[in-house]
Structures are given as structure tokens and as C-alpha cells.
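One structure is given here, and the rest of the page talks about it.
Please treat every number below as a calculation from the coordinates, not as lab data. From a predicted model like this one, the values you see are computed outputs, not experimental measurements. Cβ: placed from backbone, ideal geometry, glycine included. Neighbour counts: every protein chain shown.
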Amino acid sequence: MKIVFTKSVRLSIRSRIATAIILAVVAFLIFFYAVDYPFFAKYKPPCFFKRATGLYCPGCGSSGAIRELLHGNFYAALRFNMFVVVVMPFLLYFYFAKWVEVFIGRTIPRFVYSKRLLALIVLLILIFTVFRNIPHPPFNYLAPTDLTTQ
């Protein structure tokens, strides 16, 4: 008896890499969900950009924001990194659409990628970075603030 693999069963290298990335992200998120607050506050990764320049980078506070989102603290997540919280639904939709394409073989509507969209995203990241480093209201609300320790 000969076993025949169809295209939907046999995963390509790209599918295996996508699966490994998705599993790694899920494991990472579960780890942060399970980590206790005092442990995270003591061992959180340092921001090398902040250490070198004294300014907040666009990613400062992103791990705290993801952790707070996983714990259901939406406001605290916004105070850590508002940009990550706003972008997260788009990223989740992108990964879901890719997962459906790879594993189910169907395509669902996705964002149209263009040079203009990339330029807009880079511009928004730069504006966010500049605004979060202005130490006056209302811009100082964009700087990472840990509400769990206050």
C-alpha cells in the first residue's frame, strides 16, 4: 500500500518556519502571562537605546504592554506603550490570515502592501518616538509608565 501525501498535508519549508514562529510567539506570550509581576519587574530586559541615549525608543515598554494585555489590564497596557496596543490587532489579523493561507489553503482579505503604506508606518513610528520623549503634558503620557508598582 502506497501513502500519497497531498499538498495540504505536506508542509513546505516556509510553512514549517511559519509554524515554528507561531509556536514560539505563543510560548513567549504564555510565559509572560504566567510570570509574576515582581519577577518581571526584577528581570525585565533593559533597553539599550534608552541606556545609550537617555531617550525612549518606539519599543520601550512593549513587553510590559503585551504582559498587561494578557492580564486584561488595557489601561496599564496603554500606559506602557500605546503604539503596540494600537498595532496589536493588525498584527494578530495579519498572522491569522497567514495561518489560514498556510494551513487551510484559503485566502482571506489582507492589507494591500505598498511603498506608501511602509512610508506611513515608518513616519508614524518616528512621530511616536519624538512625541513620547517630550517631557510635557500631554506627550509625557506616551512615555512608559508602570502602573503596577505605583
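Using θ = phi - 60° and the Karplus curve 6.51 cos²θ - 1.76 cosθ + 1.60, what whole-Hz ³J(HN,Hα) does each residue of region 104-115 get, with Gly and Pro shown as x?
With coefficients 6.51, -1.76 and 1.60, one gets 9, x, 10, 10, 10, x, 10, 5, 8, 8, 8, 5 Hz.
Going by average Cβ density within 10 Å per residue, which order do the peptides 56-69, 15-28, 78-91 take, highest to lowest?
56-69, 78-91, 15-28
Under a point-charge model restricted to the Cβ atoms of Lys and Arg (+1) and Asp and Glu (-1), what is the dipole moment magnitude of region 13-142 relative to its Cα centre, in debye to the nearest 20?
The dipole of region 13-142 has a size of about 320 debye.
Could you grab the relative contact order for region 13-142? Cα pairs under 8 Å, six or more apart, rounded to a whole percent.
20 percent
Rounded, prolate or oblate for region 13-142? Axes are the square roots of the Cα gyration tensor eigenvalues, ordered a ≥ b ≥ c, and the cut-off for rounded is a/c under 1.5.
Oblate, since a/c reaches 1.5 and b/c is not below a/b.
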